[in-house]
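Read through the structure below, which is laid out as structure tokens, and then see the notes.
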Amino acid sequence: MIRITLSGALGRMGREIISLVKTQDNLQVVSGIEQPGHPMLGQRFEDIPITDDIARSLGRTDCIVDFSSPAATLANLKKAGKTKIPWVIGTTGFSEPERALVSSYGENFPLIFSPNMSIGVNLMFELVRTAARHLPKGYDVEIVEMHHRHKKDAPSGTAKRLAEIVQEEKEGSFIYGREGTVGPRPEKEIGILALRGGDVVGEHTVIFAAEGERFELKHQVTNRAAFAQGVIEAVRFIVRQKPGLYSMAEVISGHGGEG
């Protein structure tokens, strides 16, 4: 049995993960972590005790899954980061220094830190890399993402990662939307546009446009179960690994040394 401590347990993703774990063999959420002052502290949700102190759960957990907030994730890592317990972190909205700090914890324990746990999106990452690597000059790249009105960070972590992949394969600078008389589009510009509205779970489109043609790679999530399924796969993968920073691409391929 893989025992999971879930931070952000009562958020949208947390509840989805709890629901899916209940259908799985050999997986159990044994503790839920929420922010101080949450009305459910000291109570149970789906028979899972809810606390605001991750340290209380460390002695009876095999994996920590964190879908909270940047501040909460960093606080949890500070409390539990010296343990050897594997982590799966899907929290987004970190600054660049914060992302580097979170990633550095892979030196201590097995860690998956991904802006999107969807299997499809992580395959999209590879397809975008292939396209950016092989397309000749003259193809402009634009990235458009849309999420529900409650999402706090923009652009999404997934959109940022898509832009980084393009930049890794071809030189370019990011521009976040346009306004006014901006003039002709610079050749090495990578446009990123964030849309917010309604209850959209998540949509990402990467557009490659050239003179005479355009093609798009698009991923749509219609239900958070897609993210939760990726989390399940990540948990089953990470508990078998040695300390290190792992990607969802490695989860999908099944690569990684046994711990």
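The values are calculated or read from the model by the stated rules, or taken from the named source; none is laboratory data. Since the model is a prediction, treat every value here as computed from it, not as a measurement. We place every Cβ from the backbone using ideal geometry, glycine too, and count neighbours over all the protein chains shown.
Per-residue answers, yes or no, for (1) of a type in the set (A, V, I, L, M, F, W, C); (2) surrounded by 16 or more Cβ atoms within 10 Å (Cβ to Cβ):
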position	(1), (2)
Leu6	yes, yes
Gly14	no, yes
Ile18	yes, yes
Glu34	no, yes
His38	no, yes
Gly42	no, no
Asp47	no, no
Ala71	yes, no
Asn76	no, yes
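If you take the residues of region 153-180 that are part of a loop (DSSP other than H, G, I, E, B) and within 14 Å of the chain's Cα centre (by Cα), which of them is farthest from Ala194 (Cα to Cα)?
Start the filter on region 153-180 by keeping residues that are part of a loop (DSSP other than H, G, I, E, B), which leaves 153-156, 170-172, 177-180.
Applying the additional criterion that residues be within 14 Å of the chain's Cα centre (by Cα) yields 153-156.
Details: Asp153: 10, Ala154: 6, Pro155: 5, Ser156: 7 Å.
Among those that are part of a loop (DSSP other than H, G, I, E, B) and within 14 Å of the chain's Cα centre (by Cα), it is Asp153.
For region 57-94, give me each residue that is within 21 Å of Met13 (Cα to Cα) and of a type in the set (Gly, Ala, Ser).
Ser57, Ser68, Ser69, Ala71, Ala72, Ala75, Gly90, Gly93
Being closer than 23 Å to Glu203 by Cβ and in a helix (DSSP H, G or I) narrows it down to one of Arg133, Arg129, so name that one. I'd like the intermediate steps shown before the answer.
On the way: Arg133 fails: closer than 23 Å to Glu203 by Cβ.
Matching residue, one of Arg133, Arg129: Arg129.
Which condition does Lys188 not pass, out of (1) at negative phi; (2) touching a residue at least 40 places away in the same chain (Cβ under 8 Å); (3) in the same structural domain as Leu127 (by TED's automatic domain parsing), if it passes all the others?
(2) is the only condition that Lys188 fails.
Somewhere in region 245-259, is a residue at pLDDT 95 or above and assigned by TED's automatic domain parsing to the domain that holds Asp25? Step through it out loud before you land on a result.
Initially, region 245-259 is screened for residues at pLDDT 95 or above, giving 245-246.
Still in the running and assigned by TED's automatic domain parsing to the domain that holds Asp25: 245-246.
The answer is yes; a qualifying residue exists.
Enumerate the pairs (first residue in region 165-181 and outside the structural domain of Asp140 (by TED's automatic domain parsing); second residue anywhere and modelled with pLDDT of 95 or more and not hydroxyl-bearing (Ser, Thr, Tyr)) with beta-carbon separation below 8 Å, excluding pairs fewer than 6 apart on the same chain, so at least 6 apart or on different chains.
Once the first residue is outside the structural domain of Asp140 (by TED's automatic domain parsing) and sits in region 165-181, no partner that is modelled with pLDDT of 95 or more and not hydroxyl-bearing (Ser, Thr, Tyr) comes close enough.
Search region 103-120 for residues that are of a type in the set (A, V, I, L, M, F, W, C) and pair each with any residue that is modelled with pLDDT under 90 and crowded, with 16+ Cβ neighbours inside 10 Å when their beta-carbon atoms are under 7 Å apart and the residues are at least 6 apart or on different chains.
Ile119/Ile252
Just checking, which of Leu162, Leu193 is over 20 Å from Thr130 (Cα atoms) and at pLDDT 95 or above?
Leu193
What is the number of the single condition among (1) assigned by TED's automatic domain parsing to the domain that holds Ala159; (2) in contact with a helix residue (DSSP H, G or I) (Cβ under 8 Å, 6 or more places away or on another chain) that Glu233 does not meet?
Result: Glu233 passes all but (1).
Before we move on, is Ala159 under 12 Å from Val206 (Cα atoms) and crowded, with 20+ Cβ neighbours inside 10 Å?
On the way: under 12 Å from Val206 (Cα atoms): yes; crowded, with 20+ Cβ neighbours inside 10 Å: yes.
Judged against the criteria, Ala159 is a match.
For region 25-43, state whether one or more residues are over 23 Å from Asp153 (Cα atoms), polar (S, T, N, Q) and in contact with a helix residue (DSSP H, G or I) (Cβ under 6 Å, 6 or more places away or on another chain). Show your work before the answer.
As a first pass, look at region 25-43 and keep what is over 23 Å from Asp153 (Cα atoms): 25-32, 39-43.
From what is left, the residues that are polar (S, T, N, Q) are 26, 28, 31, 43.
Then drop every residue that is not in contact with a helix residue (DSSP H, G or I) (Cβ under 6 Å, 6 or more places away or on another chain), which leaves 31.
Yes, some residue in region 25-43 is over 23 Å from Asp153 (Cα atoms), polar (S, T, N, Q) and in contact with a helix residue (DSSP H, G or I) (Cβ under 6 Å, 6 or more places away or on another chain).
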